[in-house]
Structure formats: C-alpha cells, structure tokens
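Note sheet for the following structure.
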Ligand SMILES: [Zn+2]
Ligand SMILES: [Zn+2]
C-alpha cells in the first residue's frame, strides 16, 4: 500500500482555538471560554493555568510557573509572573532570615534570595 502523498487532513491544524492539556488530569481543554466570554486574548492561557492551579493544585502542561521555595521552612509560592514570586521571596528572606530558592524552567539553576 502506497502513501497517497501526504494529503491526509490534519483536523487539529484547522481549528485555531488554542488548547491546553494536562497530563496529570489526562485531559485537554479548548480555551474558547476564556477567549470569548472573558475576552482574555493573549492572557487566556495564563488565566486558565491560574484557574487550574487554584482548583487542582497543579499547573497544566507547557506552563512553567516561577517557584519560590524556602530552604528552611515549608513556605513557598508558585506563580506565573516572576515579579510576584521574587517579591514574596525577598520579603520572606527579609522577615525570617531564611534563604529562599527562586526557580523557573528557563533557568539552569535557582537563584538564592537572602543568602549572605
Ligand atoms: Zn491538571
Ligand atoms: Zn522560610
């Protein structure tokens, strides 16, 4: 049997509604609600990711949060924007004198906040 020449349709390429998937939930969502109802535009993925984290406790695939993780106590935060996480880490280190690791998937190694 020969290949007819790569003319098989690719239904996934036609629909331009962005989708997001989560391997932990083993599910996939189209973001048309965020785009249409909430008029989120480029922030639809971020809005979805934050909602997902709030309701399930984890982020979906392809979303890399900034993570601040205290080396001395169980405190820490996960957020999508660096600024809030860096601010939390700085404040935590300042008030508790703990060292906080600030990390993101784009970094080779974490930054240490409050490390003298
Ligand atoms: Zn999930
Ligand atoms: Zn701490």
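Would you please classify the overall shape of region 11-56 from the alpha carbon gyration tensor, given that a ≥ b ≥ c denote the square roots of the eigenvalues, rounded means a/c under 1.5, and beyond that prolate means a/b larger than b/c while oblate covers the rest? Walk me through the numbers before you get to the answer.
Details: a/c = 2.55, a/b = 1.12, b/c = 2.27.
Note, shape of region 11-56 comes out oblate.
Taking 0.36 nm per intervening residue step and subtracting the Cα-Cα distance, what contour gain separates residue 61 from residue 26 on full extension?
Values: separation 35, 0.36 × 35 = 12.60 nm, distance 1.02 nm.
Once the chain is fully extended between residue 61 and residue 26, it gains 11.6 nm.
How long is the gain from residue 87 to residue 19 if the chain were fully straight, where each residue apart is worth 0.36 nm and the alpha carbon distance is subtracted? Each step should come with its number before you reach the end.
Working: separation 68, 0.36 × 68 = 24.48 nm, distance 3.08 nm.
Stretched out fully, the residue 87 to residue 19 stretch lengthens by 21.4 nm.
How far is helix 44-56 tilted, in degrees, relative to the longest principal axis of the Cα atoms in the chain, given as a value from 0 to 90 rounded to the nearest 10?
Long axis of 44-56 versus the principal axis of the chain: about 60 degrees.
Between 0 and 90 degrees, rounded to the nearest ten: what's the tilt of helix 82-96 against the longest Cα principal axis of the chain?
The answer is roughly 20 degrees.
Could you tell me what fraction of 2.2 N^0.38 Å the Cα radius of gyration of the chain comes to, as a two-decimal ratio?
Details: Rg = 19.5 Å, N = 116, 2.2 N^0.38 = 13.4 Å.
Output field value: 1.46.
Extension gain residue 33-residue 51, at 0.36 nm per residue separation less the Cα-Cα distance, in nm?
So the extension gain works out to 5.2 nm.
Bear in mind that the values in this text are calculations on the coordinates, not laboratory data. Keep in mind the model is a prediction, meaning the values are calculated, not measured.
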